[in-house]
Amino acid sequence: MTDSKIAAAYDSRAAEYIALVGDIDQMEAPDVELIRSWRDSTPGPLLDAGCGPGLWTAFLNDGSHDVAGIDLSPEFVQAARLRHPGIDFQVASSRELPFEDASFGGILAWYSLIHTPPEDLPAILAELARVLVPGGSILIGFFDGEPREPFAHAVTTAYFWSAEALAALLADGGFAVVASERRNRLSGAPSVRPHGAITATRC
């Protein structure tokens, strides 16, 4: 799955996506608390890599962090700029980030790597590591399941991961895993697939 195909798939369903999961109030409370805790414990500028319509970017923008968001979808970036003026949103890929080395203290990649073909993920993790300061933190959200197994996501093909499989890739990419979680969805959540998250620091 190429970046252009992913972008086109989300552009075509941007309005539908924003209506379903475009606001923090539509997110599961455990997700909000996990990201709040990560934000509050991560110093320095923060990057929302795969920001969608900017809901998590705005949540990270708590007054004590400089924040930026990138996304492949021009429709999402346009919506994010309209919904959250004053935040730096750019159309860009995590394969080639438009930032200098060590620009960020933390990176949130919340369900934004799910469409990446598994063979491409190590290179993307290396690029994310490039823009993190040493000791910087990354928080990744993903669908928990058989690692690398594709499934029919509502927008376009996605892949399951496990904390163990991602931990191995992160270690190879110069990260040290500090925490992970897995849980089933709450009743009424936008997705029924099990949730996973992993936090790591750049060595």
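The values are calculated or read from the model by the stated rules, or taken from the named source; none is laboratory data. Since the model is a prediction, treat every value here as computed from it, not as a measurement. All Cβ positions, glycine included, derive from the backbone under ideal geometry; neighbour counts span all protein chains shown.
Table for the structure above
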read-out: Residue that is surrounded by the most Cβ atoms within 10 Å (Cβ to Cβ), among those in segment 58-72 that are among the small types (Gly, Ala, Ser) and more than 15 Å from Gly22 (Cα to Cα); value: Ala68
read-out: Matching entry among Ala109, Ala79, Ala102, Ala126 (being on the phi > 0 side of the Ramachandran plot and touching a residue at least 24 places away in the same chain (Cβ under 8 Å)); value: Ala102
read-out: Close pairs from segment 170-185: first within 14 Å of Glu127 (Cα to Cα), partner of a type in the set (Val, Ile, Thr), Cβ under 6 Å, at least 6 apart; value: Leu170/Val177
read-out: Residue in segment 129-153 that is surrounded by the fewest Cβ atoms within 10 Å (Cβ to Cβ), counting only those that are among the small types (Gly, Ala, Ser) and touching a residue at least 40 places away in the same chain (Cβ under 8 Å); value: Gly135
read-out: Of the criteria (1) assigned to a loop (DSSP other than H, G, I, E, B); (2) within 19 Å of Ile107 (Cβ to Cβ), which one Gly63 fails; value: (2)
read-out: Every pair of residues 6+ apart whose Cβ atoms lie under 9 Å, when the first sits in segment 1-16 and is of a type in the set (Phe, Trp, Tyr) while the second is part of a helix (DSSP H, G or I) and at pLDDT 90 or above; value: Tyr10/Glu75; Tyr10/Phe76
read-out: Those residues of segment 73-124 which are surrounded by 16 or more Cβ atoms within 10 Å (Cβ to Cβ), in a loop (DSSP other than H, G, I, E, B) and either among the small types (Gly, Ala, Ser) or touching a Lys or Arg at 6+ places or on another chain (Cβ under 7 Å) (or both), in sequence order; value: Ser73, Ala92, Ser94, Ser103, Ser112
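Each row is one residue, and each column tells you yes or no for (1) of a type in the set (Gly, Ala, Ser); (2) surrounded by 14 or more Cβ atoms within 10 Å (Cβ to Cβ).
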{"residue": "Ala158", "(1), (2)": "yes, yes"}
{"residue": "Leu169", "(1), (2)": "no, yes"}
{"residue": "Arg185", "(1), (2)": "no, yes"}
{"residue": "Gly188", "(1), (2)": "yes, no"}
{"residue": "Pro194", "(1), (2)": "no, yes"}
{"residue": "Ala197", "(1), (2)": "yes, yes"}
{"residue": "Arg202", "(1), (2)": "no, yes"}
